[in-house]
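**Student:** Okay, here's the structure, questions in a sec.
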Amino acid sequence: MIRFKRKAADSIRPKIFQSILCVFMAVLLIAGCSSSSSSSKYPEKPIQLVVSYSPGAATDTQARIIAKYAKKYLGQELNIINKPGGGGQVGWNYFSSVQPDGYILSVYNLPHIITQPLVGDTSYKMETFEPIINWGQDPTVFAVSAESDITSLEDLVKKAEQSPDQITIGNAGKFVGQHMAILLLEQAAGIQVKDVPYKGSSEAIASLLGKHTQVISGNLSDMYRLGEEIQMLAIASEERHAFAPEVPTFPELGYPEVVMSTDRGIAAPKGTPPDIIKKLETVFLELLKDEDFLADMEKAGADLLILDRESVQKEFKIRYEMYEELLKTVDID
C-alpha cells in the first residue's frame with residue numbers, strides 16, 4: 001500500500017510541474033502582451049510635466065510653449081505642474097518618488113540637478129533623471145535696474161572692493177547656474193558680495209525691480225523679456241549673443257573663468273520603460289521642429305540647444321565631472 005502511494009505520487013509530480021510551468025509561461029505571455037499593448041497605446045491620458053520654478057520665469061515660460069504644442073504630437077495634453085522652492089529642490093525631490101510609468105515627467109535644469117546633490121542633502125541625484133531631450137541653453141547675465149548707479153561690470157567690481165559683502169546679488173537659488181556664476185566672479189575678481197537666493201527667477205526679478213537687491217544674476221531669456229526695465233552688465237558666454245549683441249561677455253571684460261548657462265530639457269524618472277522613453281524622444285524631437293513653436297520660442301528670447309537622448313546622456317557625464325571639479329575650487333560655505 002505504501003509502495004502504491006509512492007508510485008501515485010511519482011506519477012503526479014511531473015503533471016504538477018507541467019501545470020506550474022504552463023501557468024508561469026502564461027503569466028509571462030500575458031505580462032509581455034500587456035506591456036507591449038500599454039506602450040503601443042501610450043499615452044492614454046494627459047501627462048504631467050513638473051516645473052520646479054514659479055510661473056512666469058524662463059523655465060516655466062518655455063515649458064508652457066512646449067505644452068502648447070504637445071497635444072498635436074503626443075495626442076494628449078501636457079499639463080504643467082509648478083512646484084517651486086529651494087532653487088528647484090522642492091520639485092525635484094517630489095519627482096524622485098513618482099511612479100515611472102511615463103505619466104509624470106520633469107523639466108531638468110543644468111547645472112542645478114548635478115550641483116545641488118553634490119553639495120546638499122537632496123532626494124534626487126543626476127541618475128534620478130532619464131533624459132529624453134534637451135531643448136535650450138540660457139546664458140547667465142548680470143543685470144541691474146534701469147535707474148541703478150551701477151552702470152557696468154567694472155562699477156560692480158569696484159563697489160564690491162570698496163564695500164566687501166555689501167553688494168546684493170539676487171539669484172534663483174543655491175547652486176543653480178546663476179549662483180555658480182556669482183561664485184566664479186568672486187573667485188576671479190577677488191571680491192566678496194552678498195548673494196541672495198530666492199525660490200526661483202520670478203522672485204529674484206521682483207526683488208530687483210522692487211529695489212530690494214542691487215543686482216541680479218539671471219537668465220538671458222528673462223532679461224531679454226524685461227526690456228528697458230533693466231540694464232545688462234555682462235553675459236557669461238564665450239561670445240556675445242545675438243539676442244543682446246551690445247552686452248559684453250565676462251571673458252572680454254577680463255574674467256574668462258565666468259562662463260555659465262542654464263540648460264533645459266525633459267526627463268522621465270529612473271525605471272521608466274525604455275519603449276516609452278523612446279516614444280517620447282521621437283515625439284518631442286518632432287515637436288521641436290515645429291515652425292510655430294520655434295517662432296514662439298524666439299519671441300520669448302529662448303536660445304535653443306536641441307539634443308537627442310544619447311547626446312544628453314553624454315553631456316550629463318561630461319557636466320558631472322566638470323562641476324564636481326569646479327565645486328572644489330570655489331568657496332561654497
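**Student:** For region 256-262, what does the Karplus curve 6.51 cos²θ - 1.76 cosθ + 1.60, with θ = phi - 60°, yield as ³J(HN,Hα) per residue in whole Hz, taken in order and with x for Gly and Pro?
**Tutor:** x, 6, 8, 10, 7, 8, 10
**Student:** Kindly rank 79-85, 221-227, 159-165 from highest to lowest mean number of other beta carbons found within 10 Å of each residue.
**Tutor:** On the way: 79-85: 17.6, 221-227: 21.3, 159-165: 13.9.
Ranking, from highest mean packing down: 221-227, 79-85, 159-165.
**Student:** Dipole magnitude of the chain about its Cα centre, charges +1 at Lys/Arg Cβ and -1 at Asp/Glu Cβ only, in debye to the nearest 20? Don't skip to the answer; put the middle values down first.
**Tutor:** On the way: 33 positive and 44 negative charges, 622 e Å.
Its charge dipole is roughly 2980 debye.
**Student:** Taking amide H positions as placed 1.01 Å from N in the peptide plane, with prolines and chain starts having none, which residues 5 or more places from SER261, or on another chain, fall under 5 Å of its amide H?
**Tutor:** HN-HN under 5 Å from SER261: THR140.
**Student:** Please report the orientation-averaged projected area of the chain, defined via the convex hull of its C-alpha atoms, in nm².
**Tutor:** Details: hull surface 87.1 nm².
Reported value for the Cα convex hull: 21.8 nm².
**Student:** Which whole-angstrom value gives the distance between the alpha carbon centres of region 240-263 and region 104-127?
**Tutor:** Distance between centres, Cα-based: 25 Å.
**Student:** Another question about this same structure. Suppose a student asked you for the relative contact order of the chain, using Cα pairs under 8 Å spaced at least 6 residues apart; what percent would you report? If you can, show how the numbers build up before the last one.
**Tutor:** On the way: 620 pairs, mean separation 79.5, N = 333.
Value for the chain: 24 percent.
**Student:** Subtracting the Cα-Cα distance from 0.36 nm times the residue separation, let me have the gained length for GLU325 to GLU238 in nm, one decimal. If you can, show how the numbers build up before the last one.
**Tutor:** Working: separation 87, 0.36 × 87 = 31.32 nm, distance 1.99 nm.
In short, 29.3 nm is gained.
**Student:** If you fit an axis through the alpha-carbon atoms of helix 309-327 and take the longest principal axis of the Cα set of the chain, what angle between them do you get, 0 to 90°, nearest 10?
**Tutor:** 50
**Student:** Using the charge dipole of the chain (Lys, Arg: +1 at Cβ; Asp, Glu: -1 at Cβ; taken about the Cα centre), state which of SER152, LEU74, GLY120 has its Cα farthest towards the positive end.
**Tutor:** Checking the options against the dipole of the chain, the answer is LEU74.
**Student:** Along the charge dipole of region 217-333, pointing to its positive end and built from +1/-1 on Cβ of Lys, Arg, Asp and Glu, which listed residue (LEU288, VAL247, SER217) has its Cα farthest out?
**Tutor:** The residue sitting farthest along the positive end of the dipole is LEU288.
**Student:** According to a simple spin-label model (label point 7 Å from Cα along Cα-to-Cβ), what is the distance in nm between GLU246 and LEU209?
**Tutor:** Rounded to a tenth, the inter-label distance reads 2.0 nm.
**Student:** Now a separate question. Output the peptides 255-264, 145-154 sorted from most to least packed, where packing is the average of other Cβ atoms within 10 Å over each peptide's residues.
**Tutor:** Details: 255-264: 21.6, 145-154: 14.3.
The most tightly packed comes first, giving 255-264, 145-154.
**Student:** Place +1 on the Cβ of every Lys and Arg and -1 on the Cβ of every Asp and Glu in the chain, take the dipole about the Cα centre, and give the residue among ILE104, GLN166, TRP92 whose Cα lies farthest towards its positive end.
**Tutor:** It is ILE104.
**Student:** Which FRET efficiency value, to the nearest 0.05, do you get for ASP155 and LYS314 by plugging their Cβ-Cβ distance into 1/(1 + (r/R0)^6) with R0 = 35 Å? Present the calculation step by step, with values, prior to reporting the outcome.
**Tutor:** Working: r = 40 Å, r/R0 = 1.15.
The pair ASP155/LYS314 has a calculated efficiency of 0.30.
**Student:** Please report, in Å, the Rg and the Dmax of region 139-253, where both are computed over Cα atoms only.
**Tutor:** Over region 139-253's Cα set, Rg and Dmax evaluate to 12.5, 34 Å.
**Student:** When the helix-only estimate is applied to the chain (DSSP H runs of n ≥ 4, each -39,500 (n - 2.57), divided by the residue count), what is the mean residue ellipticity at 222 nm, nearest 500 deg cm²/dmol?
**Tutor:** On the way: 11 runs with 153 residues, N = 333.
It lands at -15000 deg cm²/dmol.
**Student:** Under a cut-off of 17 Å between alpha-carbon atoms, report the aspartates and glutamates in cross-link reach of LYS317, not counting same-chain residues fewer than 8 places apart.
**Tutor:** Cross-link targets: GLU127, GLU130, ASP263, ASP308, GLU325.
**Student:** Quick one: what are the phi-derived ³J(HN,Hα) couplings along region 48-65, Karplus 6.51/-1.76/1.60 with θ = phi - 60°, whole Hz, x for glycine and proline?
**Tutor:** So the Karplus estimates, Gly and Pro as x, are 8, 10, 6, 10, 7, 9, 6, x, x, 7, 4, 4, 5, 4, 6, 5, 5, 5 Hz.
**Student:** Right, next: What ³J(HN,Hα) values, in whole Hz, does the Karplus curve 6.51 cos²θ - 1.76 cosθ + 1.60 give for region 166-173 when θ = phi - 60°, with x put for Gly and Pro?
**Tutor:** Whole-Hz 3J(HN,Hα) from phi for region 166-173: 10, 6, 8, 10, x, 8, 7, x.
The numbers here are math on the coordinates, done by the rules we state, and not lab data. What you see is a predicted model, and the numbers here were worked out from it, not measured in a lab. No Cβ is skipped: glycine too gets one built from the backbone with ideal geometry, and neighbour counts run over all protein chains shown.
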